[in-house]
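These notes concern the structure reproduced below.
The values are calculated or read from the model by the stated rules, or taken from the named source; none is laboratory data. Keep in mind that this is a model prediction, so the values were computed, not measured. As a convention, Cβ positions derive from the backbone with ideal geometry for all residues, glycine included, and neighbour counts pool all protein chains shown. Please note that ligands, DNA and RNA were not included when accessible areas were found on the heavy atoms of the full protein model with its side chains. Shrake-Rupley method; radii C 1.70, N 1.55, O 1.52, S 1.80 Å.
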Amino acid sequence: MRRQTKVAVVAAAVLAVAAVVLGLVSQSRLDENEPVAAASAGEDAVVRDESRTLGEPASTGVTFVEFLDFECEACRAAFPIVEGLREEYAGDVTFVIRYFPLPGHFNAERAARAVESAARQGELEAMYTQMYETQSMWGESREPQDELFRSFAEDLGLDMQQYDADYTSEEVADRVQRDVEDGRSLGVQGTPTFFVDGEPFLPETVEDFTEVLDEALAG
């Protein structure tokens, strides 16, 4: 396996987390009564021109895409795994996030709008990280967390007039919804859901992440 030393460190650090991820994914589902299309939408629905990229795009063309919900415990558990992969495969793999707030999470759509609003001022990664690092503060709350998310934007030094306008705009709400619609067209039913090079990827172990990326890069 490529990069064995660093990969071993990452795997050791997040092995327990991976078990949590795999256990929680099944709990983070859409309403069973909500129709979900078959995964036949094609690769274009996996990554759009407007899709948000973490870090710099890689020159290899290999993509790792995560449909995520910032209020989802499984996504929070997957966060350090994805961060480890980003460090390990920097320059080799393009990491893309797609918003997929689940209906049962009261503040998930708000969080997605906050992240998208920050992204429009060049602070995607900072707000993305902030949401996961603070999830225990606001996750599962049944009260709107608009002011808390706004305080995150202030801490990042964003132009608050622009942030407020974006956060409440139909344009940003529609941007989040387009990701949701793409996810549904691809058969996404819960979070996190991963795609590698346009194909769905369901990991069972930490090693599965590195193996699928190594195979894609060798392909």
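For the subset of the range 110-149 comprising residues that are polar (S, T, N, Q) and touching a Lys or Arg at 6+ places or on another chain (Cβ under 9 Å), which member is farthest from E170 (Cα to Cα)? Applying the filter and picking the extreme gives S136.
Taking the listed residues Q189, Q177, the one that is closer than 18 Å to R52 by Cα and under 15 Å from the mean Cα position of the chain (by Cα) is Q177, with no other qualifying. Restricting attention to the range 68-97, the residues that are open to solvent by less than 10 Å² (accessible area, probe 1.4 Å) and touching a Ser or Thr at 6+ places or on another chain (Cβ under 6 Å) total 6. Pairs linking a residue in the range 119-134 that is under 15 Å from S51 (Cα atoms) to a residue that is acidic (D, E) and crowded, with 19+ Cβ neighbours inside 10 Å, with Cβ atoms under 8 Å and 6 or more positions apart or on different chains, are R120/D166. For G187, the test of being assigned to a loop (DSSP other than H, G, I, E, B), surrounded by fewer than 16 Cβ atoms within 10 Å (Cβ to Cβ) and without any contact (Cβ under 8 Å) to a residue 24 or more places away in the chain is failed.
Being among the hydroxyl-bearing types (S, T, Y), open to solvent by 30 Å² or more (accessible area, probe 1.4 Å) and either more than 21 Å from R113 (Cα to Cα) or touching a His at 6+ places or on another chain (Cβ under 7 Å) (or both) is the requirement here; does T168 meet it? Talk me through it step by step, then tell me what you get.
Values: among the hydroxyl-bearing types (S, T, Y): yes; open to solvent by 30 Å² or more (accessible area, probe 1.4 Å): yes; either more than 21 Å from R113 (Cα to Cα) or touching a His at 6+ places or on another chain (Cβ under 7 Å) (or both): no.
For T168, the condition - among the hydroxyl-bearing types (S, T, Y), open to solvent by 30 Å² or more (accessible area, probe 1.4 Å) and either more than 21 Å from R113 (Cα to Cα) or touching a His at 6+ places or on another chain (Cβ under 7 Å) (or both) - is not met.
Of the helices (runs of 4 or more DSSP H) entirely within the range 61-134, those holding at least 2 residues that are small (G, A, S) occupy 73-88, 108-119.
Yes or no, residue by residue, for (1) at pLDDT 95 or above; (2) in contact with a Gly (Cβ under 6 Å, 6 or more places away or on another chain); (3) among the polar types (S, T, N, Q):
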position: E32; (1), (2), (3): no, no, no
position: S40; (1), (2), (3): no, no, yes
position: P57; (1), (2), (3): yes, no, no
position: E66; (1), (2), (3): yes, no, no
position: A78; (1), (2), (3): yes, no, no
position: G84; (1), (2), (3): yes, no, no
position: V93; (1), (2), (3): yes, no, no
position: I97; (1), (2), (3): yes, no, no
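Among the conditions (1) at pLDDT 95 or above; (2) basic (K, R); (3) not in a helix (DSSP H, G or I), the only one that R142 does not satisfy is (1). Taken together, the criteria place E133 among residues that are at pLDDT 95 or above, open to solvent by 60 Å² or more (accessible area, probe 1.4 Å) and under 17 Å from the mean Cα position of the chain (by Cα).
Just wondering, is there one or more residues in the range 196-204 that are in contact (Cβ under 8 Å) with a residue 40 or more places away in the chain, in a helix (DSSP H, G or I) and open to solvent by less than 60 Å² (accessible area, probe 1.4 Å)? No, that holds for no residue. Just name the residue that is surrounded by the fewest Cβ atoms within 10 Å (Cβ to Cβ) out of those in the range 112-127 that are among the aliphatic types (A, V, I, L, M) and touching a strand residue (DSSP E or B) at 6+ places or on another chain (Cβ under 9 Å). It comes out as L124.
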